[in-house]
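Comments concern the structure below.
Every number in this text was worked out from the coordinates using simple rules, so none of it is lab data. Quantities reported herein were computed from a predicted structural model and do not represent experimental measurements. When we count neighbours, we look across all protein chains shown, and the Cβ atoms used for this are built from the backbone with ideal geometry, even at glycine.
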Amino acid sequence: MSISPDALRELHRIHRQLTDLRGRLARGPKQIQAGEANLQRLEQEHANKKGILTSARVASDEKQLQLKQREDKISDRQAQLNTAASNKEYQAIKEQIAADEQANSVLADEILEALEKLDELEADVNTAADVVAKSKDELEKVQQKVSKEQSGLESELARVSDELSQAEAKLPADFRTEYQRIVSKRGEEALAPVDGETCGGCYTTLLPQMYNDLLMEKPVFCKSCGCLLYLPEDRNVGA
Ligand SMILES: [Zn+2]
C-alpha cells in the first residue's frame, strides 16, 4: 500500500478548505442571531422608556387635575366672601384662600417641573425609537448580505466536497477505512505535514523509522497526536 505525499497534501488542502467554508457558512446565521438579539434588547429598552413616559404623564395629568380642583375651590371660597355673615367668618375664609393659593403655587411649580421632565422622557423615547429603526435597517442589510453569500458558499462547499470524494477515491482501498475513521472524527486536524524532524500537528520529534516509512510512501501516523503525516512539498521524494 503506498500513498503519495502529493495525494495527502491535496487531501489536507481540501479538508482545510472545507473547514473554512463550513466556518463561513456558520458565521452568517450567527451574525443574524446576534443582530436579532440586539434588536430585541433595543425594542425592550424602547418599550421600557415608553412605560416610564406613560406613568409620568398620568402623574402629571393627576397633578393638573388636582390644581384645577383646588382653583375651583378658591373660586367657591371667593364667592363665599360675599355672603360672609361676620367679619370673623370673612377673615377665616380669607385665610383659607391664602393657604390654598400657597398650596397651589407649590403644586404649580411641581407641574412645571413635571412638564419639563416629560419633555426629557419624550426625547428619550424618540431617541430609543431611532436606535431601534437603525438596528432594524442594519439587521435587514446583514440578512440580505448573508443570504447572498450563503448560496455562493453552499455551491462552493458542494464543489469542494465533490473534489474531496474524487481525491478520496484515489486512496488505496485497504487504507480508506482507517482514513475515514480519523477524518470523520477530526476533519482537517486528521492530517499534518512533517515540520523539520517533527510532527506539524503536535511538534513531537519523529522516529527515524517513521521518516523512512514516509519516504517509502507508507501511511504514517504520529505516535503522539495520531495525525496522518505527510511530507511537505519541498521535501518530496525525488524533488
Ligand atoms: Zn503529532
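Observations
- Between LYS145 and VAL106, the contour length at 0.36 nm per residue exceeds the Cα-Cα span by 8.2 nm.
- Across segment 128-156, the residues whose backbone nitrogen lies under 18 Å from the label position 7 Å along the beta-carbon direction of ARG57 are 128-130.
- Crossing angle, helix 87-169 versus the chain [Cα axis fit, 0-90 degrees, rounded to tens]: 10
- Pairwise FRET efficiency - ARG22 versus THR204, Cβ, R0 = 30 Å, nearest 0.05: 0.60
- Angle in degrees between helix 173-186 and the longest Cα principal axis of the chain, rounded to the nearest 10: 20
- Theoretical gain in end-to-end length, LYS50 to ALA37 [0.36 nm per residue, Cα-Cα removed]: 2.7 nm
- Considering only the chain, percent of DSSP beta bridges that pair antiparallel, nearest 5: 60
- Between the helical axis of 5-82 and the longest alpha-carbon principal axis of the chain there is an angle of about 0 degrees.
- In this structure, ALA173 and LYS223 have a Cβ-Cβ separation that, at R0 = 22 Å, corresponds to a calculated FRET efficiency of about 0.30.
- For segment 173-235, share of DSSP beta bridges that run antiparallel, in % to the nearest 5: 60
- Using the rule -39500 (n - 2.57) for each DSSP H run of four or more residues, divided by the residues of the chain, the 222 nm mean residue ellipticity is -28500 deg cm²/dmol.
- Amide H contacts under 5 Å for THR198, placed H, 5+ residues apart: LEU206
- Fluctuation leader among ALA34, ALA169, ALA79 - the chain, Gaussian network, Cα springs under 10 angstrom: ALA79
- Put simply, the C-alpha atoms of the chain give a gyration tensor, and the ellipsoid matching it has half-axes of 88, 18, 11 Å, longest first.
- A quarter of the convex hull surface defined by the alpha-carbon atoms of segment 104-239 gives 16.8 nm² as the mean projection.
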